[in-house]
Amino acid sequence: MTNVTKPTPVELDLSINPTLVTEILRGFVRNEIHRAGFQRAVMGMSGGIDSSVVTYLAARAMGPKNVLAVTMPYKTSSDATVRDSQTVIEELGVRAIDVPITDQVDAYFARFPDASQMRLANKCARERMTVLYDQSAAFEGLVIGTSNKSELLLGYGTQYGDTASAINPLAALYKTQLYQLAEYLGVPEQIRTKTPTADLWAGQTDEGELGFTYADVDPLLVRMVDYNWSRAELIEAGFDAQFVERVTDMIRRNQFKRRMPIIARL
């Protein structure tokens, strides 16, 4: 068996070359949209760092007039979500449409008044994706995803909701790496510095739901996933054993979200 050289601390550094990454992702967006026979891009705009980075990349790749940013607020969406979305739209000069989802979501849950907060959150995510794909048909553009590598590995997303897309330029970047790219692209500071949130309900935050920060989990993920460190190596490196087990379990349990439907072979 060939021995695998353990990566150096420099190789494990989560810093990126934002100039190079931007050029690669700009080319990816442009080439994949053209390969699919489209000339335009459509994405959901939440005012968060992920959707903002994607919108900046798409504007560079396709030109602002060929990009449609769709805002889809629910009645509990924060003022910051609305404000920051509009800031990006105005700064880039992309096309935009506002499609509130409160009426259709509330009409559904009028039948299920005891539904949990999580059911409501998942319904909102899937409702937004149906809006995006309808606007994709109207605008004749390809839907671009906004889920990053940290979220996809941890299963922090709604299957056929915010994880659905035709192409995804962020799936190889950890959340902490997105901040570097966002600064390089010129994403407004108020977006880069605010607490990550899917704005699923009042006061909701990503890290509050996950129970740990991206700054804590990304160094673990890069060793566990990219370099295949063993549990013993991770604990030896200083990661808490319970934290390692919890993240390992999250990755394993959410594998079904990262794959196409399994087809029975006859």
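Without any contact (Cβ under 8 Å) to a residue 12 or more places away in the chain, farther than 18 Å from I144 by Cβ and either out of contact with any Cys (no Cβ under 7 Å at 6 or more places or on another chain) or surrounded by fewer than 16 Cβ atoms within 10 Å (Cβ to Cβ) (or both): is that true of G186 in this structure?
Against the criterion (without any contact (Cβ under 8 Å) to a residue 12 or more places away in the chain, farther than 18 Å from I144 by Cβ and either out of contact with any Cys (no Cβ under 7 Å at 6 or more places or on another chain) or surrounded by fewer than 16 Cβ atoms within 10 Å (Cβ to Cβ) (or both)), G186 does not qualify.
Only one of the numbered conditions (1) free of Cβ contacts under 8 Å to residues at least 60 places away in the same chain; (2) crowded, with 18+ Cβ neighbours inside 10 Å is not met by F139, and that is (1). In the stretch 46-85, which residues are of a type in the set (S, T, N, Q) and over 19 Å from the mean Cα position of the chain (by Cα)? Result: N66, T76. For the criterion of being in a helix (DSSP H, G or I) and surrounded by fewer than 15 Cβ atoms within 10 Å (Cβ to Cβ), D114 fails.
The lone criterion from (1) in contact with a strand residue (DSSP E or B) (Cβ under 8 Å, 6 or more places away or on another chain); (2) crowded, with 19+ Cβ neighbours inside 10 Å left unmet by L152 is number (1). Each residue in the stretch 130-151 was checked for being part of a helix (DSSP H, G or I) and within 22 Å of H34 (Cα to Cα), and 8 of them qualify. Note on the stretch 219-266: among residues that are touching a helix residue (DSSP H, G or I) at 6+ places or on another chain (Cβ under 8 Å) and assigned to a loop (DSSP other than H, G, I, E, B), the one that is surrounded by the fewest Cβ atoms within 10 Å (Cβ to Cβ) is A237. Residue pairs whose Cβ atoms lie under 8 Å apart, sitting 6 or more positions apart in sequence or on different chains, and linking a residue in the stretch 11-29 that is part of a helix (DSSP H, G or I) to a partner that is among the acidic types (D, E), are P18/E183. Take S51 and tell me if it is closer than 17 Å to L185 by Cα, buried (at least 17 other Cβ atoms within 10 Å of the Cβ) and among the polar types (S, T, N, Q). So S51 fits the description; yes. Cβ separations smaller than 7 Å between residues 6+ apart or across chains give the following pairs from the stretch 200-218 residues that are at negative phi and in a loop (DSSP other than H, G, I, E, B) to residues that are of a type in the set (D, E, K, R) and surrounded by 14 or more Cβ atoms within 10 Å (Cβ to Cβ): T213/E207.
The test for being over 24 Å from V225 (Cα atoms), assigned to a helix (DSSP H, G or I) and in contact (Cβ under 8 Å) with a residue 24 or more places away in the chain does not hold for Y179. Taken over the stretch 86-121, residues that are among the polar types (S, T, N, Q), closer than 15 Å to D199 by Cβ and modelled with pLDDT of 95 or more amount to 2. Among the residues of the stretch 69-95, those that are within 16 Å of V53 (Cα to Cα) and of a type in the set (G, A, S) comprise A69, S85, G93.
Scan the stretch 120-129 for residues that are more than 16 Å from D50 (Cβ to Cβ) and either outside any helix (DSSP H, G or I) or out of contact with any helix residue (DSSP H, G or I) (no Cβ under 7 Å at 6 or more places or on another chain) (or both) and the total you get is 3. In this structure, D134 qualifies as among the charged types (D, E, K, R), loosely packed, with under 14 Cβ neighbours inside 10 Å and within 22 Å of T55 (Cβ to Cβ).
The values are calculated or read from the model by the stated rules, or taken from the named source; none is laboratory data. All figures in this text were calculated on a predicted structure; none of them were measured in a lab. Virtual Cβ from ideal backbone geometry, glycine too; neighbours counted across all protein chains shown.
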